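Enquirer: My structure is below; once you've seen it, I'll send some questions.
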Amino acid sequence: MAKNTFEAPNLSVEDLSKALYETSIHLQQANEKLRMQEKERLEFYANISHDLRAPMTAICNTIEYLESTDQLSPEEFKTTLSLLKNRTQYMKSLINDIFLLSSLESSNDKFHPEPVDVCFFLEDYFYSCEADSSYEQCELSLHIAEDLSVASPTLQLDPHLMQRVLDNLFSNAVKYSDETPYISLSAAFSSPKEITLCVEDHGLGISEEALPRIFDRSYRVDSSRTPGEDSGSGFGLSIVKTIIEHHGGSVRCESTLGTGTRFLLTLPLT
Ligand code: ADP
């Protein structure tokens, strides 16, 4: 039977202590990263619990109110029902978003890329928005750079998830605008191997302090926001970021308070 032999590495004590020191630095960094992730995870659960509790309490209170009174006018009854409907719709969208976000983060089951002609996809999306009554008060514009239009490249995209991305950016552009919302969708080559899509609005803008955190799952610009007819789940931009990263791309935001916001989505050409 062959004997196991151990060959001492040809390293000096200095080399070994340097390697040990570098390993301990890496371990410390990994530890810190884990600590931050754990903190983010706890904040995420605290936020979900808070966000679910608020509409749930409102629903319970409304039901108790309905139980305790038998003298509601038809008008009051209608208003109360519409309140219940809003709260339940908000909860439904919140639960759907949490489910989508966690499925995207835990596996690739929800990600179904296929070859998609990007110019055709953007035009199709844009014209469907023009026909959509949610955008009838908006000024919409589409610009596809000429060289992109001529090349008309095919990208590996999940069309449903990409539509979700654009829906989120378009609906935010409307939600965070005071006057007639302006939304521009544009696309161009940002390098020979990348395409950048841009969704721009002339709305309220985002403050410098808030900007670096808007994609965090646990962050809201306005933390006192209460669910109402127009409020989203607060997970929209985290979902946008997660979807774009699944496509091997990246997303960034440029914004000036009172002037407007621009979301830039960079996608690799495959
Ligand atoms: P939600 O809109 O449901 O709060 P999002 O994740 O979509 O959640 O957005 C996070 C925050 O970023 C919003 O609360 C809002 O303050 C800010 N934001 C997003 N898009 C825009 C925009 N186009 N203009 C101004 N603020 C925006």
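The values are calculated or read from the model by the stated rules, or taken from the named source; none is laboratory data. What you see is a predicted model; the values in this text were computed from it and never measured. Don't worry about glycine lacking a Cβ; one is built from the backbone with ideal geometry, like all the others, and counts go over all protein chains shown.
Enquirer: Read through the list (1) closer than 17 Å to L269 by Cβ; (2) surrounded by 16 or more Cβ atoms within 10 Å (Cβ to Cβ); (3) at pLDDT below 95, then give the number of the only condition that S152 fails.
Expert: (2)
Enquirer: Inspect all residues belonging to region 225-238 and state whether any of them is over 16 Å from the mean Cα position of the chain (by Cα), near the ligand (Cβ under 8 Å from one of its atoms) and modelled with pLDDT of 95 or more.
Expert: Residues of region 225-238 that are over 16 Å from the mean Cα position of the chain (by Cα), as a first pass: 225-230.
Right, trim to near the ligand (Cβ under 8 Å from one of its atoms) and you get 225.
Checking which are modelled with pLDDT of 95 or more leaves us with none.
Checked region 225-238: no residue is over 16 Å from the mean Cα position of the chain (by Cα), near the ligand (Cβ under 8 Å from one of its atoms) and modelled with pLDDT of 95 or more.
Enquirer: For region 77-126, enumerate the residues that are of a type outside the set (V, I, T), closer than 30 Å to E146 by Cβ and not in a helix (DSSP H, G or I). Walk me through it before giving the result.
Expert: First, pick out the residues of region 77-126 that are of a type outside the set (V, I, T): 77-78, 81-87, 89-94, 96-97, 99-115, 117, 119-126.
Keeping just the survivors that are closer than 30 Å to E146 by Cβ gives 113-115, 117, 119-126.
Hits for region 77-126 are P113, E114, P115, D117.
Enquirer: Restricting to region 65-94, and then to whatever is within 26 Å of N47 (Cα to Cα) and free of Cβ contacts under 8 Å to residues at least 24 places away in the same chain, can you tell me which residue is farthest from the chain's Cα centre (by Cα)?
Expert: My answer is S82.
Enquirer: What is the number of the single condition among (1) surrounded by 11 or more Cβ atoms within 10 Å (Cβ to Cβ); (2) without any contact (Cβ under 8 Å) to a residue 24 or more places away in the chain that L100 does not meet?
Expert: (2)
Enquirer: Here is a follow-up. Which pairs turn up if I take residues in region 250-270 that are more than 22 Å from R164 (Cα to Cα) and look for partners that are hydroxyl-bearing (S, T, Y) and within 13 Å of the ligand (Cβ to nearest atom) with beta carbon separation below 8 Å, at least 6 apart in sequence or on another chain?
Expert: L257/S207
Enquirer: Which of the residues that make up region 239-270 are β-branched (V, I, T) and either outside any loop (DSSP other than H, G, I, E, B) or within 11 Å of the ligand (Cβ to nearest atom) (or both)? Show your work before the answer.
Expert: Step one: list which residues in region 239-270 are β-branched (V, I, T), which gives 239-240, 242-244, 251, 256, 259, 261, 266, 270.
Residues satisfying the conditions are I239, V240, T242, I243, I244, V251, T256, T259, T261, T266.
Enquirer: Checking L269 against (1) buried (at least 19 other Cβ atoms within 10 Å of the Cβ); (2) farther than 30 Å from R53 by Cβ; (3) modelled with pLDDT under 95, only one condition comes out false. Which one?
Expert: Evaluating L269 over (1) buried (at least 19 other Cβ atoms within 10 Å of the Cβ); (2) farther than 30 Å from R53 by Cβ; (3) modelled with pLDDT under 95 leaves (1) as the failure.
Enquirer: Can you name every residue in region 156-173 that is more than 12 Å from the ligand (Cβ to nearest atom) and surrounded by fewer than 20 Cβ atoms within 10 Å (Cβ to Cβ)? Don't jump to the end; show me each part of the working.
Expert: Within region 156-173, the first condition is being more than 12 Å from the ligand (Cβ to nearest atom), and the residues that meet it are 156-163, 166.
Q156, D158, P159, H160, Q163 - these are the residues of region 156-173 that are more than 12 Å from the ligand (Cβ to nearest atom) and surrounded by fewer than 20 Cβ atoms within 10 Å (Cβ to Cβ).
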